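Worksheet: one structure, shown below.
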Amino acid sequence: MQMQHCALPGYAATALVRTVGSGSELPRKREIEITMRFAGGPGRNVKATGRVKNVLLSKMSARHSLAARGLSHTPLLGAGLRARGSGTHMPVQAVAVPMRPMDTPSPAKQTIPGDHMANAKAGLPDGVNSMVVDRFTLDSGVEMRDVLVAYSTYGTLNDAADNGVIVGHSLTSNSNVHEWWPQMLGSNDPTSSKDESGFCLDTAEDFVICCNFCGSPYGSASPVTVSPERSDAGCYGADFPVFTIRDHVRLQKKVLDRLGVKQLRLAIGGSMGGMIALEWGATYPEYVGQMILIASCGRHSDWAIGLGQVQRAAITSDQSFHDGRYAELGSKPERGLANARMMAMLTYRAPSSVDEKFGRSFTELSCGSSIYAVESYLRYQGEKFIGRFDANCYLGLTASLDTHNVAAGRGDYREVLQSISHKTLIVGIDSDMLYPIELQMELAQHLPNASMHTIKSPHGHDSFLIEIDSLNETILRFRRGLNPSSAAAAAEELAASCASPEERDRVLKVALGDALQTSEQSVKEILRLNLKLQAMEAKLRATNIPKEELCELCTPSLENLREMDRRVVERIRQKKTPW
């Protein structure tokens with residue numbers, strides 16, 4: 001077993017422990033070497049040695065446990081080892097020695113995916129098309145001319161021109177769907193059964209279009225593209241206007257009109273793309289068939305607006321920002337942009353997955369000092385982002401997010417949602433801290449023809465770019481007219497095996513709660529009851545909420561609510577999948 005640590009001055013001395021082999025036993029009379037650097041003085045290294053006579057090493061300084069396998073860490077508050085079972089404290093002696101690097105890299109406890117656009121670079125991506133819209137007026141009244149729009153297409157527009165599928169990308173993605181949703185995009189075998197797996201975005205049947213948002217550095221008009229208003233052929237820079245979510249949709253409609261698309265089968269997107277998809281349904285209700293809204297919301301929350309503001313402040317406070325005129329002065333606010341990205345990366349993840357991955361471990365720098373591994377990860381993500389994005393673009397796109405409110409200029413928020421009658425699948429993520437699952441529940445509650453599916457993942461908001469296989473299966477079921485929720489689908493399958501309608505009703509009532517009135521209502525009621533059960537489960541996991549709130553959440557009656565409540569609690573206790 002070898003223990004190593006590099007502590008920054010001013011930090012309590014800490015040790016990282018690595019054991020060789022998979023077993024938890026240490027050989028008798030084996031010398032244990034501990035190499036550490038105290039925080040009391042920069043570069044001061046000591047080596048402490050001793051022998052353990054028992055087979056299991058248990059504690060350091062009789063307080064802090066050492067892992068018997070893998071990688072862990074523990075504060076070194078004393079100088080001693082205690083062997084389990086012997087009760088004998090073994091003193092150690094310290095002598096100054098040079099610090100040695102670790103022989104092997106730290107094993108990953110859990111993979112946390114990094115930047116989904118890791119290989120991207122600013123500019124029009126390879127294979128992406130573009131067109132110029134002669135004139136376009138923003139919601140703000142700003143009139144633009146010669147607006148460049150980059151877009152990607154997959155599949156073929158059919159003769160009726162009614163097989164369009166519009167995909168909205170996330171904040172910092174490009175229009176190449178195959179780069180960030182590869183498992184969802186492809187051509188399905190037309191001879192295969194509809195019960196078989198496949199691609200939810202079927203290029204054999206769908207004409208898939210994804211337009212790059214204006215303000216993005218990936219080909220559309222943005223701060224880094226040439227402004228037709230400048231006589232010196234310079235870029236827009238800080239003069240590029242803010243597009244609202246509705247602006248993006250109206251401009252995309254012009255692109256689709258030019259492409260000849262007469263009808264959209266589906267508007268789909270995750271995060272910012274989900275806002276785009278919802279706005280498509282609200283702005284062009286007759287043009288859009290269905291909607292799939294993933295990890296998104298009906299209006300940008302104050303929480304999300306605040307998170308965006310601190311990221312923008314990191315950029316604008318960089319001394320190289322120069323009020324956005326940095327390109328003209330030959331500088332870039334790289335540190336501010338990297339800091340903004342580091343902040344954003346934390347909102348895209350979840351605390352538990354970050355803790356599980358890094359476990360307060362350390363990464364040694366080339367200078368000989370160490371930083372926490374999570375700091376190293378964030379720095380790396382920030383540095384990568386500098387190479388593929390622009391500060392003014394980031395400012396404009398995050399401001400665009402803040403404009404999102406599907407009810408803006410249309411009336412009361414809930415009434416506007418209730419007027420959007422498209423068949424809709426809403427996907428939430430139980431660990432999302434950027435757009436918490438309550439926001440998707442709100443949409444499912446007020447959109448009249450919506451069903452909801454919850455992704456259970458430790459990875460937070462970006463799970464829709466990580467748990468792609470599961471997401472593909474859910475969307476595929478929805479698009480094929482099957483129940484997208486495996487929970488409700490299981491009850492449906494069980495009920496279908498019953499010999500009589502009466503027996504089927506009884507099974508459904510037992511499985512989903514005593515709220516189903518007739519067999520004709522089964523599909524609709526199963527979807528709605530499954531949503532209620534998921535909402536109850538999420539709330540019961542999170543907090544001890546008052547019964548009054550549960551009563552408002554789940555009706556038809558208090559008696560039924562209590563029974564549903566009991567089942568959900570029991571289900572959580574047993575840690576089984578709910579249905």
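The values are calculated or read from the model by the stated rules, or taken from the named source; none is laboratory data. Note that the structure is predicted; figures quoted are calculated from it, not measured. Here the Cβ is made from the backbone with ideal geometry for all residues, glycine too, and neighbour counts use every protein chain on show. Side chains included, ligands, DNA and RNA excluded: accessible areas come from the protein's heavy atoms. Shrake-Rupley method; radii C 1.70, N 1.55, O 1.52, S 1.80 Å.
Residue-level check: of (1) on the phi > 0 side of the Ramachandran plot; (2) among the charged types (D, E, K, R); (3) out of contact with any strand residue (DSSP E or B) (no Cβ under 8 Å at 6 or more places or on another chain), Asp390 misses just (1).
Could you list, in sequence order, the residues of region 315-362 that are basic (Lys, Arg), out of contact with any helix residue (DSSP H, G or I) (no Cβ under 7 Å at 6 or more places or on another chain) and either part of a helix (DSSP H, G or I) or without any contact (Cβ under 8 Å) to a residue 40 or more places away in the chain (or both)? Talk me through it step by step, then tell me what you get.
Initially, region 315-362 is screened for residues basic (Lys, Arg), giving 325, 332, 335, 341, 349, 357, 360.
Going one step further and asking which of them are out of contact with any helix residue (DSSP H, G or I) (no Cβ under 7 Å at 6 or more places or on another chain), we end up with 335, 357, 360.
Correct list: Arg335, Lys357.
I'd like to check something: does region 287-301 contain any residue that is within 16 Å of Leu395 (Cβ to Cβ) and part of a loop (DSSP other than H, G, I, E, B)? Yes, region 287-301 has at least one match.
Scanning region 391-433 for residues that are surrounded by fewer than 19 Cβ atoms within 10 Å (Cβ to Cβ) and touching a Lys or Arg at 6+ places or on another chain (Cβ under 9 Å) returns Ala399, Ala407, Ala408, Gly409, Tyr413, Ser419, Met433. Can you tell me which residue within region 127-149, out of those that are under 17 Å from Ser400 (Cα atoms) and among the hydroxyl-bearing types (Ser, Thr, Tyr), is nearest to the chain's Cα centre (by Cα)? Result: Ser140. Return yes or no: is Lys262 part of a loop (DSSP other than H, G, I, E, B), within 30 Å of Arg410 (Cβ to Cβ) and open to solvent by 10 Å² or more (accessible area, probe 1.4 Å)? Spelling it out, Lys262 is indeed part of a loop (DSSP other than H, G, I, E, B), within 30 Å of Arg410 (Cβ to Cβ) and open to solvent by 10 Å² or more (accessible area, probe 1.4 Å).
Residue by residue through region 142-157, note down the ones that are of a type outside the set (Val, Ile, Thr), more than 13 Å from Val226 (Cβ to Cβ) and open to solvent by 50 Å² or more (accessible area, probe 1.4 Å). Passing the criteria: only Glu143. State whether the residues of region 345-359 include one that is modelled with pLDDT under 95, surrounded by fewer than 18 Cβ atoms within 10 Å (Cβ to Cβ), out of contact with any strand residue (DSSP E or B) (no Cβ under 7 Å at 6 or more places or on another chain) and of a type in the set (S, T, N, Q). Yes, there is a match, as at least one residue in region 345-359 is modelled with pLDDT under 95, surrounded by fewer than 18 Cβ atoms within 10 Å (Cβ to Cβ), out of contact with any strand residue (DSSP E or B) (no Cβ under 7 Å at 6 or more places or on another chain) and of a type in the set (S, T, N, Q). The condition of being in contact with a His (Cβ under 9 Å, 6 or more places away or on another chain) and either of a type in the set (Asp, Glu) or open to solvent by 20 Å² or more (accessible area, probe 1.4 Å) (or both) holds for only one of Thr203, Thr225, Thr244, that being Thr244. The criterion of being surrounded by 20 or more Cβ atoms within 10 Å (Cβ to Cβ), within 27 Å of Ala350 (Cβ to Cβ) and not hydrophobic (A, V, I, L, M, F, W, C) does not hold for Thr363.
Suppose the filter is open to solvent by 30 Å² or more (accessible area, probe 1.4 Å) and at pLDDT 95 or above; does Thr316 pass it? Even if it seems obvious, please write down each step before you answer.
Working: open to solvent by 30 Å² or more (accessible area, probe 1.4 Å): yes; at pLDDT 95 or above: yes.
Yes.
With respect to the conditions (1) over 21 Å from Pro223 (Cα atoms); (2) open to solvent by less than 10 Å² (accessible area, probe 1.4 Å), Thr283 lacks only one, and its number is (2). In region 283-298, the residues that are within 15 Å of Arg477 (Cα to Cα) and in contact (Cβ under 8 Å) with a residue 60 or more places away in the chain reach residues that are assigned to a helix (DSSP H, G or I) and open to solvent by 40 Å² or more (accessible area, probe 1.4 Å) with C-beta atoms within less than 8 angstrom, at least six apart or across chains, in these pairs: Gln290/Arg479.
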